[in-house]
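Quick notes on the structure that follows.
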């Protein structure tokens, strides 16, 4: 089994689909859309022709840099719909000129200093899972280095008393958990990209993780950050809380590589949960479901999961019969039995029309690892984790699909949802002659949900990217016009800049631009992103 | 009863102590320290001689500005120990040249624009409760206007569905709650300064409030902020959560008036709690108490209160017999009975040596408003709320006392506490020939406590400020050397700058300086604070 990352697909080379799997997927698509679809061959790296590097690694740093085609192609894109389509077509017109794999913080500093002096663009690269153009080199004439943090992959220190760990930024999700597990701890941050995203990437994109309520973003688990900038090291104190001026860490969180490269962080970790309780509740309507979610989260019971699937999504992902919405509520704790909590939450959700029989409430005292992974809840969970691999099967076959996510206050939510659905459905009709649009809540707050929409239609092979752009534009325009944020946890990247500019307070943009200039005076870090 | 603010004491003129109350306080102090103390007369405003204003309000703005002695004296200081001593002595060498009371946002904009054009220092003023020199004019030759937001005192809009309210920044705590109460809501942010502090002040100082765990600072209740800067308006979107770049609000939070003047904010509000449960638990030692607090907070039950008093503090504030520490745990909810929660918390605390009998656990289903206000818990609560008035009684009589607060991770906490106590006790011995030092936790986090120390010794009347400065230096040096923050929720102000500089990442300081210059190019807002 190859352990090399695929240069085009989600996962390793060994995760690339076989021709037969692709052919079966083509047949499913053919059937679904009533058109004849042939599976194009999957690409191989020897088909890829890249522009010659415009610059070479300096001799002093060459030991950890490469100009290999595979590395440059794999670092050209993240893993958005648009990225995978371009990659499967072997279209790599703007690859980084070389890729650096610094093996320690000193090498991060050295490569960044060299970039700053040589006026070479530095694109920090974590797990490469960006779906917003966050790791893509900017256009233009300046040479570009992709700086891949994969070698900084260790948990350096665990403070069991404070439940905190000092962790290198380049560690992927599974390797991070593998290093905490023997000590009985977990970071318990599971974005959908978990397998192929890193701690540093989570921090600079304000990643949204496992917890659906209360502490949803990685932000809340950051105790202190260490970041290399072109002007030197930026490191905050380890503090459980502080009121000393604006938080330095909160300026790093979401900075998307424009201020520096995060090398390590002290993170708040947790004892591994032992007590669990979960319930999957059916609602006769979408409206009844979101009313229940609102009431549960406003009761501040803080369930670990409180995920609502609309009827379309419940049918597709959890096998629930067509017209019902599904609300998944789950509690967990290392210390405290959770039955009382789930019963209170179920009681509140029932008052909004939620249906569940007594056997649908699963409670575990720790002896049964599988609670929360059965029935509709379990079906949804498996589907969630496997989703990114699904796109490998159909990439390049003409289907046009993507997800977009936001957050909005409850008072505006019903109208927002109606408008977004109308605009995107219209666009699907216009662009693809129809398609599907579904929604779930990935996270909920006392003042509003974070809805996550998925759409798909059939495009014309070869014209998918133009069709995708039109759909993306319609969705993003509707989100911004409706008062939402252009992203709740996917980040801004290059793809969201037109809409981010509309929502960002202009004077904050000016302040951020000035802050960036103070630490990156030559503007080598991710130019064109955020500012 | 005069409803005018006292120019020297905490509260209104009608809250100023009578000569007899002052004499009784002097006798208590005499007894306590074994020295003869006379109560000096309390000052009256006609004793105050101020420097002539160096500048006058421009005619277009004169309608909401005043050069009255009372206003200028009252806006010279906050309410720190040092402030009250200077005020009771009628020492006002550096008052603002005039005080502006803008009646709406347009007038805030007008006065700030004028300051920027005329190179006049603008000092934003909320409730004036700063204990860190946060509202004190800087020294130097530039004229100074104190901009008091008291006229912006309304709740403008309530969104019951999202549980959020749009609130003007100048509203004092009680007036804010009075406007939410008829709608069944509360902001439930109760810093000790509650009566004489404002929403805007809480936001720009990252105030710490009612909740001892989970959402402790005002930060977590801010949905969006509207701020006037010399370059124009800065306003963020109302969003329950976002991952679009660094949070604009988090740059405003803690900005202490150096970026602009907050005029209003959308705040997350709550249904008024109905279900309550509380317990006051005794611990044989301070160490057993803080071990229990750690375990309770790490179990993530998120009690509304989890306040630990050391034996000295438990004796003085809650009437608990001398050698025991007191842990006050309380839960509350508008929706969910809290008995299960308090029982779990008590169980955990008992495992660390906590003592309580069954009758010590108070549970209310909403019919009894008084639960949580009885026994040791109730005694502590009354003492907490009245504390700021106590200093009015003894101001200027020679006693030297203050509080300081910080946060530190659990692994370093025991050694930190030992060192801080040793250094401050040494200093008290050296400066005052002895004194008292006690500690409580005001807030606790899974990764560490926020300890709050109080000290007092007897000084020489007339030399108190120099003696105070030596004690403050010893305490602050110990906090910073031990790895803490110079403030968990009191803010930086002018008093904490030497230590803030030591803890602030230098590159963050550079970024903040640049951000300030982008919105306040002439540097008129609170020069010398934070940057």
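Quick notes on this one:
- Residue identified as assigned to a loop (DSSP other than H, G, I, E, B) and without any contact (Cβ under 8 Å) to a residue 40 or more places away in the chain among A:215, A:210: A:215
- Exclusive hit being within 22 Å of the chain's Cα centre (by Cα) and either more than 7 Å from every other protein chain (Cβ to nearest Cβ) or not in a strand (DSSP E or B) (or both), set B:295, B:250, B:237: B:250
- If you go through segment B:30-59 and keep only what is crowded, with 19+ Cβ neighbours inside 10 Å, in contact with a helix residue (DSSP H, G or I) (Cβ under 7 Å, 6 or more places away or on another chain) and closer than 22 Å to residue B:457 by Cβ, you end up with B:37, B:39.
- Here residue A:266 meets the list (1) within 23 Å of residue B:254 (Cα to Cα); (2) surrounded by fewer than 24 Cβ atoms within 10 Å (Cβ to Cβ); (3) more than 7 Å from chain B (Cβ to nearest Cβ) almost entirely, failing just condition (2).
- Complete set of residues in segment A:60-77 that are under 22 Å from residue A:256 (Cα atoms) and out of contact with any strand residue (DSSP E or B) (no Cβ under 9 Å at 6 or more places or on another chain): A:73, A:77
- Residue count, segment A:225-234 (criterion: touching a strand residue (DSSP E or B) at 6+ places or on another chain (Cβ under 9 Å) and within 7 Å of another protein chain (Cβ to nearest Cβ)): 2
- Residue satisfying all of: in segment B:490-531; assigned to a loop (DSSP other than H, G, I, E, B) and facing another protein chain (nearest Cβ under 8 Å); nearest to the chain's Cα centre (by Cα) among these: B:490
- Hits in segment B:32-48 - residues which are assigned to a helix (DSSP H, G or I) and at pLDDT below 95: B:32, B:33
- One residue stands out in segment A:99-119 among those that are more than 15 Å from residue A:153 (Cβ to Cβ) and in contact with a helix residue (DSSP H, G or I) (Cβ under 7 Å, 6 or more places away or on another chain): the one that is surrounded by the most Cβ atoms within 10 Å (Cβ to Cβ), namely A:100.
- All of B:349, B:292, B:340 fail the test of being outside the structural domain of residue B:211 (by TED's automatic domain parsing), without any contact (Cβ under 8 Å) to a residue 12 or more places away in the chain and touching a helix residue (DSSP H, G or I) at 6+ places or on another chain (Cβ under 7 Å), apart from B:340.
- The test for being in the same structural domain as residue B:139 (by TED's automatic domain parsing) and either on the phi < 0 side of the Ramachandran plot or out of contact with any helix residue (DSSP H, G or I) (no Cβ under 6 Å at 6 or more places or on another chain) (or both) does not hold for residue B:18.
- Residues located in segment B:49-71, provided they are more than 31 Å from the chain's Cα centre (by Cα) and assigned to a helix (DSSP H, G or I): B:59, B:60, B:61, B:62, B:63
- Odd one out for residue A:467, checked against (1) surrounded by 24 or more Cβ atoms within 10 Å (Cβ to Cβ); (2) in a helix (DSSP H, G or I): (1)
- The set of residues from segment B:490-501 being touching a residue at least 24 places away in the same chain (Cβ under 8 Å) and surrounded by fewer than 23 Cβ atoms within 10 Å (Cβ to Cβ) comprises B:494, B:497.
- Answer residue from segment B:476-489, given it is in a helix (DSSP H, G or I) and surrounded by fewer than 24 Cβ atoms within 10 Å (Cβ to Cβ) and is nearest to the other protein chains (Cβ to nearest Cβ) among those: B:480
The values are calculated or read from the model by the stated rules, or taken from the named source; none is laboratory data. None of these values were measured; they are calculated from a predicted model. Neighbour counts run over all protein chains shown; Cβ positions are idealised from the backbone, glycine included.
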